[in-house]
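The values are calculated or read from the model by the stated rules, or taken from the named source; none is laboratory data. Keep in mind it's a predicted model, so treat the numbers as computed, not measured. As a convention, Cβ positions derive from the backbone with ideal geometry for all residues, glycine included, and neighbour counts pool all protein chains shown. Calculation scope for accessible area: heavy atoms of the full protein, side chains included, ligands and nucleic acids excluded. Shrake-Rupley method; radii C 1.70, N 1.55, O 1.52, S 1.80 Å.
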Amino acid sequence: MSADIKDESITVITLSNPPVNALGQTLRRHIIDSLDKAEKDPACQAVLICGSNHIFSAGADIKEFGLPPKAPSLPEVCQRAESFSKPVVALIEGVALGGGLELALAAHYRIAMPASKLGLPEVHLGLIPGGGGTQRMPRLIGISAALDVILSGRHVPASEALSIGLIDRLLDSDKDVLSQGITFAREIIHSGSKVRKTCDETKYQADKPANKAALQQARDSVARSARGLFSPEKIIDAIQATLEKPFAEGMRIERECFIQCLNSPQHKGLTHAFFAEREAAKPPQIHNAQPRDLKQIGIVGGGTMGVGIAISMLDGGFNVVMVERDEQALARGRANIEKVYDMLIAKGRLNGGDKITRMAHLTGATDYSALAQVDLVIEAVFEEIAVKKALFAELDRVCKPGAVLASNTSYLNINQIAAVTSRPGDVIGLHFFSPANIMKLLEIVIGEKTCDEVVATGFALAKRLKKQPVRAGVCDGFIGNRILGVYRTAADYMMEDGASPYQIDQAVRHFGYPMGPYQVSDLAGGDIGWATRKSHAATRDPKRRYVRIADALCERGWFGQKTSHGYYLYNQDKRKGEEDPDVLAIISEERRKAGIKPRTFSEEQILRRYLAAMVNEGANVVQEGIANRPLDVDVVLLSGYGFPRFRGGPMKYADLVGLPKILADINEFAKEEPLFWQPSPLLVSLVEKGADFESLNRSASSAHSPTSKRS
Ligand code: 3HC
Ligand code: NAI
């Protein structure tokens, strides 16, 4: 496994467990054995612990969580390093995260390369640091800084780590890493410096009132913003112990809190999200395909989406040509891009120089011939099939052979669009979400003729843009918008049956969403959906129940935030709406017209319907192959639709609740509304087999990767 290099008086222990040197049992055992050997070696005067493959360590092996614990534990490894009788130096290159940083904290000295990142991201997995991080970090950098680092889970850049006292020295990026580590260790030996145990540090306790205030402030902030998360409070409890208890007792409290978190459903949900995101980014379709080289990107349409996509591309370092219908529209698109950059500058997130560089990579045109040399063109023009078809015929004429032709359509049929070109294999859907420069999700919609190389290009592009890609098949709304349509209908039915939009929004927020569906509708603008409903009116199934409430608001010009009135009333503070009695009166009137006698819904009843609708349509989407696996549905809902991450996504949530319970709910709701509540055949068959969605994820993964890690 790892090769230890002995250099004169310094024993080098290399962490080697590709790809990220996770501290699995074998590596933990190796560290202990190496330390034991070095302890007995009279020639050894210091130990240098370093990573391999340009990474120190990403921490505990997440795949081991939930399996029976195997000795030595991470706290034991850290304890062994700290209690070592000779100086131990952690040499950090790349990331030192979670248990990796905890091991470094237990070393007596820490040095890092300038590009290194250090952090305790356990909170993102619903955990607290469990290798002494909550006890050693506050002792090293103080309570306040430790609260910030551990509660945020952020990756601290090495320069900041130096300034807050997390590391002792920043190394030179131009020099060899290992030789700088050895030089440092030699300095320690020659200066006669002794071991320096972080656990013995006491200066952090000096300012007791400030420490107490920092803890209280953290508790208040967590109560305000953590929306039901369990581990942040446990992190604070453990950090508080550093002030009140001796180190050993603090370690015991940390372990207790860690185990509580480990056993929580939130940890299961967050870990599922972690692995699902990575699996979704490498679907079977790209395994044997090489992406095409992309340098020049064309964007057609400089409206809401064209602008966001252009920013995303410019941020990703591409040259962008934007094509609009006329000079005025082009100038507006360009001005809107500048406006976003100016806002970022005002917020201190971008500097003026970066704006100039990025804008220099943008050119504009009103003639499609400007797209002749682009490697990829994405259209974001009006959502009308005739407009898109005419455009793709034109793109087929002007674009060079091998250019990828992509549509940002939200709902339209990629196969029909591809069919107007002479190269349907080059046509793909790249469905960005609004605002496209911020939202992580990118649905990569594969038409029946899209070639694998073009699919691989879409996934490589997503990586370059730091987006979360998910492969989707062709249907009305693909994965996300199709499922959204169904659970929004379930909400509308409940609203007409007696629940207020405010009650529904609140229930959904209490579940963990940042906003409820009617708040989202007000934010996005009711006019878009209204136009779609009107265009579908002639073909709507008359047997299907139709809720007119949204139309009634739109008829009054109440489109949401942009008109200061939607489901909510927006006065001075435009973003936070107030409940509106006039809206409630309109809803009552619509109920009366529909002959509905309103009934009450509890929060639990609202959520059961809302989530059952989501899960059921998610199952349909998987069954039809629109999503590869249930985990792809989870990732779409998590990264594009605000589903609370700690619940892992709707399909994971359904597994945790139990599929029989979800199916029983659907069957019960179907008694009132049989046309809408039709159990998905996939859900029914899983329940019959006593299986769950995770079993489908597992079998899909193992079919494509013999070394799959899902457990
Ligand atoms: N354990 C097991 N596998 C891990 C892992 C970990 N800690 N971290 C990453 N991996 C795996 C990924 O699943 C992926 O596997 P795959 O190739 O089979 O899909 C592979 O390593 C590469 O990961 P990424 O695709 O994420 O690679 P990047 O280069 O984009 O990112 C990273 C690297 C920044 C290290 C990122 O993977 C990351 O953030 N990892 C998680 C770090 C973390 O949360 N550490 C804390 C663990 S909990 C802990 O330490 C508890 C302790 O306190 C007791
Ligand atoms: P928009 O109306 O804001 O912008 C469309 C732009 O395209 C306009 O500036 C128009 O001048 C330009 N345009 C129209 N026809 C053109 C042509 N033939 N050549 C060049 N330019 C042309 O629309 P928006 O919201 O940006 O949507 C664009 C596409 O993105 C649609 O397909 C939509 O479904 C999709 N989409 C929209 C999202 C949203 O939240 N707005 C989210 C995801 C996808």
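Listed values for the range 433-439 are Karplus-derived 3J(HN,Hα) couplings in whole Hz (6.51 cos²θ - 1.76 cosθ + 1.60, θ = phi - 60°), namely 10, 8, x, 5, 7, 10, 5, and x replaces Gly and Pro. For Met322, nonlocal amide neighbours, meaning residues 5 or more places apart or on other chains whose placed amide H falls under 5 Å from its own, are Ile299, Thr363, Gly364, Ala365. When peptides 531-539, 556-564 are ranked by their average number of other Cβ atoms within 10 Å per residue, the highest-first order is 556-564, 531-539. Based on protein heavy atoms only, the chain ends up with 43 Å² per residue of surface accessible to a 1.4 Å probe.
Expressed as a fraction of 2.2 N^0.38 Å, the C-alpha radius of gyration for the range 118-160 is 1.04.
Shown for the chain: the carbon plus sulfur share of the solvent-accessible area, taken with all protein chains present and a 1.4 angstrom probe, equals 53%. Placing R0 at 25 angstrom, the Cβ-Cβ distance between Lys463 and Ile189 gives a FRET efficiency of 0.05 after rounding to 0.05.
With the simple model of a label 7 Å out from the Cα in the direction of the Cβ, Arg278 to Ala703 spans 2.2 nm. Along the Cα-to-Cβ line of Lys339, 7 Å from the Cα, sits a label point; which residues in the range 562-595 have backbone N less than 15 Å from it? From the range 562-595, the list is 562-563. Annotation: the antiparallel percentage among DSSP beta bridges lying fully within the range 1-80 is about 35. Once the chain from His54 to Thr202 is taken as fully extended at 0.36 nm per residue, the excess over their C-alpha distance is 49.9 nm. Just to verify a number: FRET efficiency for Lys449 and Leu67, C-beta to C-beta distance, R0 = 45 Å, to 0.05? Taking R0 as 45 Å, the efficiency between Lys449 and Leu67 is 0.55.
Within the straight-line cut-off of under 30 Å between alpha carbons, the lysines reachable from Lys597 are Lys534, Lys543, Lys661, Lys671, sequence neighbours fewer than 8 places apart in one chain being disregarded. Extending 7 Å from the Cα toward the beta-carbon at both Ser9 and His536 defines two label points whose distance is 7.7 nm. Each Lys and Arg contributes +1 and each Asp and Glu -1, all at the Cβ; summed about the Cα centre of the range 294-472, the dipole is approximately 560 debye. Packing, taken as the mean count of other beta carbons within 10 Å per residue, orders the peptides 508-521, 382-395, 471-484 from highest to lowest as 471-484, 508-521, 382-395. Averaged over residues, the count of other Cβ atoms within 10 Å places the peptides 270-277, 435-442 in the sequence 270-277, 435-442, highest first.
With the charge dipole of the range 138-297 set up from +1 on Lys and Arg Cβ and -1 on Asp and Glu Cβ about the Cα centre, the Cα lying farthest toward the positive end among the listed residues Cys199, Phe247, Phe275 is that of Phe275. Which one, Gln572, Ala289, His155, projects farthest toward the positive side of the charge dipole computed for the chain from Cβ point charges (K/R +1, D/E -1)? Among Gln572, Ala289, His155, the one farthest towards the positive end of the dipole of the chain is His155. Gain on full extension, evaluated as 0.36 nm per residue between Arg544 and Asp367 minus their Cα-Cα distance, stands at 59.2 nm. Whole-Hz Karplus values for the range 556-567 come out as 8, x, 8, 9, x, 4, 5, 10, 6, 8, x, 5 Hz, taken residue by residue from phi with 6.51 cos²θ - 1.76 cosθ + 1.60 and θ = phi - 60°; glycine and proline positions read x.
The string of couplings for the range 183-189 from the Karplus curve (6.51, -1.76, 1.60, θ = phi - 60°) is 4, 4, 4, 5, 4, 4, 4 Hz, one whole number per residue in order, with x for Gly and Pro.
Its Cα centre serving as origin, the chain has a Cβ charge dipole (Lys and Arg +1, Asp and Glu -1) of approximately 360 debye. For Ile49, the residues whose amide H sits under 5 Å from its own are Ile13, Val89, Ala90, Leu91, ignoring neighbours fewer than 5 places away on the same chain, with H placed 1.01 Å from N. Restricting attention to the chain, close to 25% of DSSP beta bridges with both partner residues there are antiparallel. Think of it as helices only: each DSSP H run of n ≥ 4 in the chain is worth -39500 (n - 2.57), and spread over all residues that comes to -15500 deg cm²/dmol at 222 nm. Electrostatic bookkeeping for Ala619 treats Lys and Arg as +1 and Asp and Glu as -1; over the other residues with beta carbon under 15 Å from its beta carbon, the sum is -4. To the nearest ten degrees, helix 501-511 and the longest principal axis of the Cα atoms of the chain are 20 degrees apart. A Cβ-based charge dipole, computed about the Cα centre of the range 500-599 with Lys and Arg at +1 and Asp and Glu at -1, lands at about 520 debye.
Counting only alpha carbon atoms, the long axis of helix 659-670 and the longest principal axis of the chain meet at about 20°. Projecting label points 7 angstrom from Cα along Cα→Cβ for Ser159 and Glu244 puts them 4.0 nm apart. Stretching Ile356 away from Lys175 to a fully extended chain increases their span by 61.9 nm, per 0.36 nm per residue minus the current alpha-carbon distance.
When Asp220, Asp200 are compared by accessible area of protein heavy atoms, the largest-first order is Asp200, Asp220, using a 1.4 Å probe.
Quick one: pull the percentage of alpha-carbon pairs in the chain with a separation above 44 Å. Looking at the chain, the distances longer than 44 Å represent 33 percent of pairs. For the chain, the residue among Pro581, Phe184, His54 whose Cα projects farthest onto the positive side of the dipole built from Cβ charges is Phe184. Compared with the dominant principal axis of the Cα atoms in the chain, helix 603-623 is inclined by about 90°.
For the pairs Lys355/Lys467; Lys268/Lys440; Lys282/Lys355, flag any whose C-alpha to C-alpha distance is greater than 29 Å. Correct reply: Lys282/Lys355. Within the straight-line cut-off of under 22 Å between alpha carbons, the lysines reachable from Lys576 are Lys347, Lys562, sequence neighbours fewer than 8 places apart in one chain being disregarded.
The H on the amide N of Glu379, modeled in the peptide plane, is under 5 Å from the matching H of Val300, Ala406, Ser407, Asn408, each at least 5 residues off or on a different chain.
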